[in-house]
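Read the figures in this text as sums done on the coordinates, not as results from a lab. All figures in this text were calculated on a predicted structure; none of them were measured in a lab. Note that each Cβ is placed from the backbone with ideal geometry, even for glycine, and that neighbours are counted across all protein chains shown.
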Amino acid sequence: MSQSIAKPATGKLGVMVVGLGAVTTTFMTGVLMTRKGLAKPVGSMTQYDRIRVGEGEDKKYLKYNEIVPIADLNDIEFAAWDVYPANAYESALNAQVLKREDIEPVRDELIAIKPLPAAFDHNYAKRLDGNNLKQGTRWELVEQLREDIRRFKAEKNCDRIVVLWAASTEVYVPVDEKCHYTLEALEAAMKADDKEHIAPSMCYAYAALSEGAPFIMGAPNTTVDIPAMWELAEKTHMPIAGKDFKTGQTLVKSGFAPIIGTRCLGLSGWFSTNILGNRDGLVLDEPANFRTKEVSKLSTLESILVPEAQPDLYTNYYHKVRINYYPPRDDNKEGWDNIDIFGWMGYPMQIKINFLCRDSILAAPLCLDLVLLSDLAARAGRYGIQRFLSFFLKSPMHDYTKNEVPVNHLFQQYVMLKNAIREMGGYKADELID
Ligand SMILES: NC(=O)c1ccc[n+]([C@@H]2O[C@H](COP(=O)([O-])OP(=O)(O)OC[C@H]3O[C@@H](n4cnc5c(N)ncnc54)[C@H](O)[C@@H]3O)[C@@H](O)[C@H]2O)c1
């Protein structure tokens, strides 16, 4: 192994997850089952992928943990916050993602994960009515969350903590220059209990970063996508990543759009629709919550099929994304994509993609990878926006105040991921992003 620039992953890693619903319980159950040798962490890059390091005669294909010190699954301790009091075992059964036989072997470990009271505001997710809640102003919520993190870390004797948001999508909070552009303004708004501009998720992010924990936003919420949080991440030297797990339809889109772009075919329209029936679908049935998701999902194509770069091919294509709540399907989402393309001399053609996926089964490995790689990044001294994690995210964070264009192209994102692992492993980042 080359000399990694990351500190070793000594001791335990505390993984505190906001939301103990379908995604979180599938993630936790899978990690616990894998630890017992009863399941395989399929889909996880940190557990399976091999990347090239070195060139020519020195070329080797290594797994991530042969290049960089990644925390071992056996060293993970879990905690969660949720609006509902059900423990992880009850919640895993309620979610109906996994079969009972895949949950029972880790029943005791799951029962022990009891959700801490949530920092919640009904106005941010009207369809939820749980009563496992903290009380107080936004600033008081921050202080209570910080106390939760400190207590868990001490009780479980953790060396490090990572906080992951896998809770419901909040209503859309547009970036506000007055409240969200500087840390000072953000703190003032929290202290003034400004409920309009400070989403509960911002309290979690602020608490995590202040306690020296990386924060990952798995929903499309704008929480850490504001300059004030970038400032806090710089100040505390903590990594942040977001937003929105890239699981089903957007994964397909960011992998398929390059086929059209690479072959210089034209696009006149891309219509994406979904049906899903889990609690996530229920929350997204509320127009204000769907708006947050829509903004995130729509951003994918613009930077892959760029009208300014190819006016003949990509000017004025119609891009539409819909999500429909349909209870009979539970967590088994069905996505349809109708893609209207055109070829030689403008002749039209159609492509149809029908993805019968399982939402939480696709999201769980992303939770694991995002947590382990954020922890690694912190130990390697990387802080602020972690662009190399864009590979896992639908709407990658970028500095829009400087007109930075996010990278949505799946294979360009993969190059960024590989280069970051190489660099943290003490190798040269040797692939260009074309
Ligand atoms: N599964 C996927 O493919 C996928 C992809 C991208 C993003 N996501 C996002 O991941 C999130 C989780 O999805 P899910 O299917 O597990 O949803 P879920 O509804 O099963 O679970 C979310 C949980 O979060 C809790 N919650 C809501 N607000 C909270 C708060 N302020 N504090 C603490 N807990 C809170 C809810 O009570 C619920 O139990 C959603 O935002 C979803 O949009 C999922």
Amide H neighbours of residue 161 under 5 Å, counting only residues 5+ apart in sequence or on other chains, H built in-plane at 1.01 Å? 14
In segment 1-107, GluC sites (Glu not before Pro) in a DSSP loop with at most 16 other beta-carbon atoms within 10 Å: 55
Is the shape of segment 249-356 best called rounded, prolate or oblate, per the rule: a/c under 1.5 gives rounded, else a/b larger than b/c gives prolate, else oblate, with a ≥ b ≥ c the square roots of the Cα gyration tensor eigenvalues? prolate
Would you list which aspartates and glutamates come within 14 Å of residue 253, measuring only between C-alpha atoms, while excluding same-chain residues fewer than 8 positions from it? 302, 337, 340
If you build the Cα gyration tensor of the chain and take the root of 5 times each eigenvalue, what three semi-axes come out, in whole angstrom, biggest first? 32, 27, 23
Neighbour cut-off at most 13 other Cβ (10 Å), DSSP loop, trypsin sites (Lys or Arg not before Pro), segment 97-140: 99, 126
Roughly how far apart, in whole Å, are the Cα centres of segment 77-104 and segment 257-327? 31 Å
Set Lys and Arg Cβ to +1 and Asp and Glu Cβ to -1, take the dipole of the chain about its Cα centre, and tell me which of 388, 204, 89 lies farthest positive. 89
I'd like the trypsin sites (Lys or Arg not before Pro) in segment 218-253 restricted to DSSP loop residues with at most 12 other Cβ atoms within 10 Å, sorted by number. none
Looks like segment 172-331, by Cα gyration tensor root eigenvalues a ≥ b ≥ c and the a/c under 1.5 rounded cutoff (else prolate when a/b is bigger than b/c, oblate otherwise), is prolate
For the chain, which DSSP H helices look membrane-span-like by this rule: Cα extent along the axis of 27 Å or more and mean Kyte-Doolittle of at least 0.5? 359-379
Taking neighbour Cβ counts within 10 Å as the exposure measure, how do 315, 292 sort from fewest upward? 315, 292
Any chance you could run the full-extension gain for residue 273 through residue 57? It's 0.36 nm times the residue separation minus the Cα-Cα distance, nm to one decimal. 72.9 nm
How far is the Cα center of segment 148-198 from the Cα center of segment 388-434, in Å? 25 Å
With springs connecting C-alpha atoms under 10 Å apart, model the chain as a Gaussian network and identify which of 363, 39, 119 has the largest mean-square fluctuation. 39
In segment 129-214, lysine pairs closer than 27 Å at Cα, eight or more apart or cross-chain: 7
At 222 nm, what helix-only mean residue ellipticity would the chain give, in deg cm²/dmol to the nearest 500, using -39500 (n - 2.57) for each DSSP H run of four or more? -11000 deg cm²/dmol
Rank these for me by crowding, 330, 430, going from fewest to most other beta carbons within 10 Å. 430, 330
Which of the lysines could be linked to residue 59 by a straight reach, that is with a Cα gap under 17 Å, when you skip same-chain ones fewer than 8 residues away? 418, 428
In the neighbourhood of residue 197 defined by beta carbon distances under 9 Å, the net charge of the other residues (Lys, Arg +1; Asp, Glu -1) is -1
